[in-house]
Amino acid sequence: MNDSAGRHERGKAMFEQVFGREPRPGNYPEFLELTVDHLFGEIWSRPHLSVEERELVALTAVALARTDWELRGHIGASLNLGMSREKIVEVIIQLAYYGGWPVANNGLRVAQEVFAELDATAAKESGHDD
């Protein structure tokens, strides 16, 4: 296996660990390949920070960018990696001072929506959808 193939396999495994699913190509398969190979195969696979610490950085960065779609994905990834809802909320509250109140307000709104969707799905799956 050459380094490129090894990087891709590392990246795919890391992506699956973080998001709990395989990467999906979407509209731009070339961009997904770059994301898997370089972002997850190189950056996320480096030593010195745990996967959970890297996810906290990513969660904070996407909250700052106010990209609701990406933020939803990283809230899900944070939960997938075992972070509590309280920790996610605390990260967003901490961000208010550094990134601005509108950033934190938006992040908390998105988190609340994601948590509500997860609760509704869990209730439906358990037969308790009220």
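The values are calculated or read from the model by the stated rules, or taken from the named source; none is laboratory data. Note that the coordinates shown come from a computational prediction; the quantities given were computed from them, not determined experimentally. Cβ coordinates were reconstructed from backbone atoms using ideal geometry, including for glycine residues, and neighbour counts include every protein chain displayed.
Cβ-Cβ distances below 7 Å connect the following pairs, each with a first residue in segment 111-122 that is in contact (Cβ under 8 Å) with a residue 12 or more places away in the chain, a second residue that is part of a helix (DSSP H, G or I), and a separation of six or more residues or different chains: Ala111/Ile75; Ala111/Ile88; Ala111/Val89; Ala111/Ile92; Val114/Arg72; Val114/Ile75; Val114/Gly76; Phe115/Arg85.
Return the total of residues in segment 61-78 being surrounded by fewer than 19 Cβ atoms within 10 Å (Cβ to Cβ) and outside any loop (DSSP other than H, G, I, E, B). Qualifying residue count for the region: 9. Given the condition touching a Gly at 6+ places or on another chain (Cβ under 8 Å), closer than 23 Å to Gly99 by Cα and either polar (S, T, N, Q) or not in a loop (DSSP other than H, G, I, E, B) (or both), answer yes or no: does some residue in segment 29-41 qualify? Looking through segment 29-41, none of the residues is touching a Gly at 6+ places or on another chain (Cβ under 8 Å), closer than 23 Å to Gly99 by Cα and either polar (S, T, N, Q) or not in a loop (DSSP other than H, G, I, E, B) (or both). When Gly11, Gly20, Gly26 are checked against the criterion of being surrounded by 14 or more Cβ atoms within 10 Å (Cβ to Cβ) and not assigned by TED's automatic domain parsing to the domain that holds Leu59, a single residue qualifies: Gly11. The residues on offer are Ser45, Ser50, and the sole one that is surrounded by fewer than 12 Cβ atoms within 10 Å (Cβ to Cβ), under 26 Å from Lys12 (Cα atoms) and within 16 Å of the chain's Cα centre (by Cα) is Ser50. Collect the residues in segment 104-130 that are at negative phi and assigned to a loop (DSSP other than H, G, I, E, B), keeping them in residue-number order. Within segment 104-130, His128, Asp129, Asp130 qualify.
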